[in-house]
1. Name the most mobile residue of 41, 212, 173, meaning the one with the largest mean-square fluctuation, in a Gaussian network model of the chain with Cα contacts below 10 Å.
2. In deg cm²/dmol and to the nearest 500, what is the mean residue ellipticity at 222 nm of the chain if only DSSP H runs of at least 4 residues count, each as -39500 (n - 2.57), divided by the residue total?
3. Between 222, 26, 189, where does the largest GNM mean-square fluctuation fall for the chain, given springs only between Cα atoms within less than 10 Å?
4. Mean-square fluctuation check for the chain, GNM, Cα pairs under 10 Å: which of 142, 172, 97 is largest?
5. Between residue 115 and residue 198, what is the spin-label point distance in nm, taking each point 7 Å from the Cα along the Cα→C-beta axis?
6. Residue 238 to residue 92: FRET efficiency via 1/(1 + (r/R0)^6), r the Cβ-Cβ distance, R0 30 Å, to the nearest 0.05?
7. In whole angstrom, how far apart do the alpha carbon centroids of the stretch 67-107 and the stretch 194-252 sit?
8. List residues of the stretch 113-153, by number, whose backbone nitrogen lies under 15 Å from a label position 7 Å along Cα→C-beta of residue 103.
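Just so it is clear, none of the values below were taken in a lab; they were calculated from the coordinates. The structure presented is a predicted model; accordingly, all values stated were derived computationally and were not measured. Cβ: placed from backbone, ideal geometry, glycine included. Neighbour counts: every protein chain shown.
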């Protein structure tokens, strides 16, 4: 490596190489991405995502960024909740911007159909195609570990949020007990790549995804990174005993 390095699974690669490598992973898995999430988690990811959407609490007239939003799984949840609030209170439609680095993921989301509140764009979490202080809320779900420079992406989230704007990040994390960590590791490395091979025809991409989870910072370390990026009221909520965690903050 001649320049700064970045993690790609258990490998360290030149930072300039990671975007292309990650793009290749999601090019290959886009068409089966949502199905694989159901199979890998036995559907539990839907409960986590519902909890995140409820915590974000979308309101009429708000602008919400769904970064690394891919197939729009979270954006549709946000739109439905905003519509319910609109029926109760009135007001303007919410605007939800799905931004994802991978064109194949965006295409898969559009093919599923969308709602009028949702706009789609191919873009980089480290250079969002939005002006400063645009958004009332920013959410990123299972995407932050795939960016090349996490602190840069966090600062970019802060840039596009209005003062007091809500930051939510759902990501795989560190199980809270050693016994659970060992069991989860055994399942992840033995079962998930095998499911990927049989259902998506791609063992290597799902092995990368498992490895990227293992190299992601634990809850406390990641919370500190969020605070350093300019957020206050930073905290986290563990889901399924820390298999995943919702990290939250407010733009200050």
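1. Looking only at 41, 212, 173, the largest GNM fluctuation is found for 41.
2. Taken over the chain, the calculation gives -14000 deg cm²/dmol.
3. Looking only at 222, 26, 189, the biggest GNM fluctuation is shown by 189.
4. Of 142, 172, 97, the Gaussian network model singles out 142 as fluctuating most.
5. Here the modelled spin labels are 3.5 nm apart.
6. Efficiency for this residue pair is about 0.25.
7. 21 Å
8. The answer is 121-124, whose backbone nitrogens lie closer than 15 Å to the label point.
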